[in-house]
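Q: Got a structure here, written out as structure tokens. Questions coming.
The values are calculated or read from the model by the stated rules, or taken from the named source; none is laboratory data. Since the structure is predicted, the reported quantities are computational estimates derived from the model, not experimental observations. No Cβ is skipped: glycine too gets one built from the backbone with ideal geometry, and neighbour counts run over all protein chains shown. Areas reflect the complete protein model, heavy atoms only, side chains present, ligands, DNA and RNA absent. Shrake-Rupley method; radii C 1.70, N 1.55, O 1.52, S 1.80 Å.
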Amino acid sequence: MEDIINLKERAKEVRRLVINMITEANSGHPGGSLSMTDIITTLYFSIMNHSAANPAWEERDRFVLSKGHACPAYYAVLSLCGYFPASELLKLRKLGSILQGHPDSKVTPGVDFSTGSLGQGLSAACGMALAGKIDKKDYRVYAIIGDGESQEGQIWEAAMSAAHFKLDNLCVFLDCNKLQIDGKVEDIMNIEPVIDKWKAFGWNTIQIDGHSIEEIIEAAGIAHKTKGKPTMIVADTIKGKCVSFMEGKVCFHGTAPNREQEQQALRELE
Amino acid sequence: MAEMVATRDVYGKALIKLGKIYPDMVVLDADTASSTRTQWFSQEFPERFFNLGISEANMIGYAAGLSTCGKIPVVSAFACFGSGRVYDQVKLSVCWPKLNVKIIVTHAGVSVGEDGASHQAIDDINLMRGLPNMTVIVPADGIETEKAVRYAIETQGPFYIRLGRLNLPLVFDDTYEFVLGKMHALREGTDATIIACGLMVNESVKAAQTLSEQGINVRILNASSIKPIDKQAIILAAKETGAIVTAEEHSIIGGLGSAVAEVLAEHLPTPMERVGVKDTFGQSGTPKELLRIFGLDAVSIVEAVIKVLGRKTQKGR
Ligand SMILES: Cc1ncc(C[n+]2csc(CCOP(=O)(O)OP(=O)(O)O)c2C)c(N)n1
Ligand SMILES: [Mg+2]
């Protein structure tokens, strides 16, 4: 387990890589990658039990990035953990790359589940958690979903079932960055009061600042101790976090920065 | 060089024109309005546009309900999410009751590019074609897109119109008439016939040029109307040219190639080759690279024609 200062440095490094990768690919999703960077960095460097040397280790904790388009941050973290060399990162989205535009478990070491069609990943995470229960294993299952993604009906089918099966080995982060492709979540299709919905579906719920590493660690700890219920951590985040001209900007959902913007972003992330 | 236009841009503009004529038209999208261009309609007619958020299955149900009350709903999404992601809803809420719902999708095929396999619909023609009451159209260019969209709005019943992401050269001019269920000959020829749809139509035109330099003269049929399919034109082509090549930006399983093969098998078995995605998922890359490695270009069509001509000779036709 790394200390907080180290984790903050790691997150910054992940953000720099995200910017490099997406600029180099000249396509990809910076906004939603940066909003979940602190969460995914903390998961892999502090919370989860996993082994880069043995990605298929049976006892490992599992992770599903249900909002698959944010995979640049996922790939950067996996690479820093040692799942594959950093040199692969700049091949993001290129022909034949092990780093596809959306996570592909067949080609990327460390990716537990393929995603990209929103709303589907959470159900798979539930299935992994259920398998853990059947086999009486100690591993835990983590997932990150989007707030726009929460508009998919399948999210709520998963929600109902995970509580029904008492999947207390499942801990989900909702990356609540308030934006989706066409605008603000509250304008397109409001999901609020979202925490009450998860509560009503029988989940243990926790609200945190999704950019506070302390709060992320604490919430995951509470989730671990909670028995009989899955945990939903509603993480308040900022889309494009830490890059001033991307923060809160809908246009950086799925647009790559140009070289000049890349340089400015990297200066801000020094 | 022919003028380049994205079919989705033409679609966006056509919706506005048609919206002015048909006050019952309503447009629905699922958080992709900026990409499918339905956003343009929303700016013109905010009271007749509904963004359902990321809930495609729900959106199809809304469209079905709206249509039962006299509205003409046009539903847009990326092709992968407007077909496979909502297959059962389209089948049972739209096609079974034969409702007046127009599903018009963009970003079909591998030419989506960098987003990769999850976003590349290569199975949607197959899925939609298999549904009773569904009409399936794959326009070849901007001109045909405008005509096909208008036709769908003005005709009762479920429609699936498949558009892409890229700018495409125009293969038709304004005099072109879209006729449902009819293939249009872009070129006459006697040695073989290429039956193509979507962006493969222009590739077929290029292939025909290369082939004619080698003394091979092919007929080209634009099969924008995948369902209903033009049986007569297929049988005639088989009779008159004796060899068929189909070309589509879709899996060779279940799409245009299959539709043509079904007709030939029943009426006039004829040597045939299918150009399309060979039963694999897509992947990330630039559209150009992907079209090349999946064999969706003029080069592959030329190869297929030469191959099928070999079989034609063997058969001693
Ligand atoms: C089923 C499905 N529909 C549409 C899309 C296209 N799409 C990609 S990202 C996105 C918006 C996601 O918003 P959100 O979940 O809030 O993600 P974030 O803001 O974290 O990027 C959409 C609609 C998709 N990937 N999957
Ligand atoms: Mg969001």
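Q: Provide a single number: the residues in the stretch A:212-248 that are touching a Ser or Thr at 6+ places or on another chain (Cβ under 9 Å) and either among the polar types (S, T, N, Q) or not in a helix (DSSP H, G or I) (or both).
A: 11
Q: For residues in the stretch A:159-190 being more than 14 Å from every other protein chain (Cβ to nearest Cβ) and assigned to a helix (DSSP H, G or I), which is nearest to residue A:203 (Cα to Cα)?
A: A:163
Q: Name every residue in the stretch B:271-317 that is charged (D, E, K, R), open to solvent by 60 Å² or more (accessible area, probe 1.4 Å) and away from chain A (no Cβ under 14 Å), in order of residue number.
A: B:274, B:278, B:279, B:303, B:307, B:311, B:315, B:317, listed by residue number.
Q: Return a yes/no flag: does the stretch B:40-59 have any residue that is closer than 21 Å to residue B:157 by Cα and away from chain A (no Cβ under 14 Å).
A: yes
Q: Which one of these does residue A:105 not meet: (1) within 16 Å of ligand 1 (Cβ to nearest atom); (2) within 14 Å of residue B:117 (Cβ to Cβ); (3) not charged (D, E, K, R)?
A: (1)
Q: Restricting attention to the stretch A:98-144, which residues are of a type in the set (Gly, Ala, Ser) and more than 9 Å from every other protein chain (Cβ to nearest Cβ)?
A: Listed by number, the residues that qualify are A:105, A:110, A:121, A:123, A:124, A:125, A:127, A:129, A:131, A:132, A:143.
Q: Residue check: is residue A:198 in contact (Cβ under 8 Å) with a residue 24 or more places away in the chain, within 16 Å of ligand 1 (Cβ to nearest atom), within 14 Å of another protein chain (Cβ to nearest Cβ) and not charged (D, E, K, R)?
A: Spelling it out, it is not the case that residue A:198 is in contact (Cβ under 8 Å) with a residue 24 or more places away in the chain, within 16 Å of ligand 1 (Cβ to nearest atom), within 14 Å of another protein chain (Cβ to nearest Cβ) and not charged (D, E, K, R).
Q: Going through A:35, A:66 one at a time, which residue ends up being open to solvent by less than 10 Å² (accessible area, probe 1.4 Å), touching a residue at least 12 places away in the same chain (Cβ under 8 Å), within 16 Å of ligand 2 (Cβ to nearest atom) and more than 21 Å from residue B:114 (Cα to Cα)?
A: Only one candidate qualifies: A:35.
Q: Being open to solvent by less than 10 Å² (accessible area, probe 1.4 Å), farther than 17 Å from residue A:223 by Cα and either at pLDDT 95 or above or within 16 Å of ligand 2 (Cβ to nearest atom) (or both): is that true of residue A:143 here?
A: no
Q: Within the stretch A:68-98, which residues are closer than 24 Å to residue B:112 by Cβ, over 15 Å from the mean Cα position of the chain (by Cα) and not small (Gly, Ala, Ser)?
A: Kept after step one, since they are closer than 24 Å to residue B:112 by Cβ, are these residues of the stretch A:68-98: A:68-76, A:88-98.
Checking the rest, the ones that are also over 15 Å from the mean Cα position of the chain (by Cα) come to A:88-98.
Within the stretch A:68-98, A:88, A:89, A:90, A:91, A:92, A:93, A:94, A:95, A:98 meet the criteria.
Q: Which numbered condition trips up residue A:192, out of (1) more than 23 Å from residue A:3 (Cα to Cα); (2) more than 15 Å from ligand 2 (Cβ to nearest atom)?
A: (2)
Q: Counting residues that are more than 20 Å from residue A:179 (Cβ to Cβ), which helices (runs of 4 or more DSSP H) fully inside the stretch B:5-83 reach at least 1?
A: Here the list reads B:7-21, B:38-44, B:56-68.
Q: If we keep just the residues of the stretch A:223-263 that are open to solvent by 70 Å² or more (accessible area, probe 1.4 Å) and away from chain B (no Cβ under 14 Å), which is farthest from ligand 2 (Cβ to nearest atom)?
A: This residue is A:227.
Q: What about residue A:172, is it in contact (Cβ under 8 Å) with a residue 12 or more places away in the chain, within 16 Å of ligand 2 (Cβ to nearest atom), open to solvent by less than 10 Å² (accessible area, probe 1.4 Å) and more than 17 Å from the chain's Cα centre (by Cα)?
A: No: the conditions fail for residue A:172.
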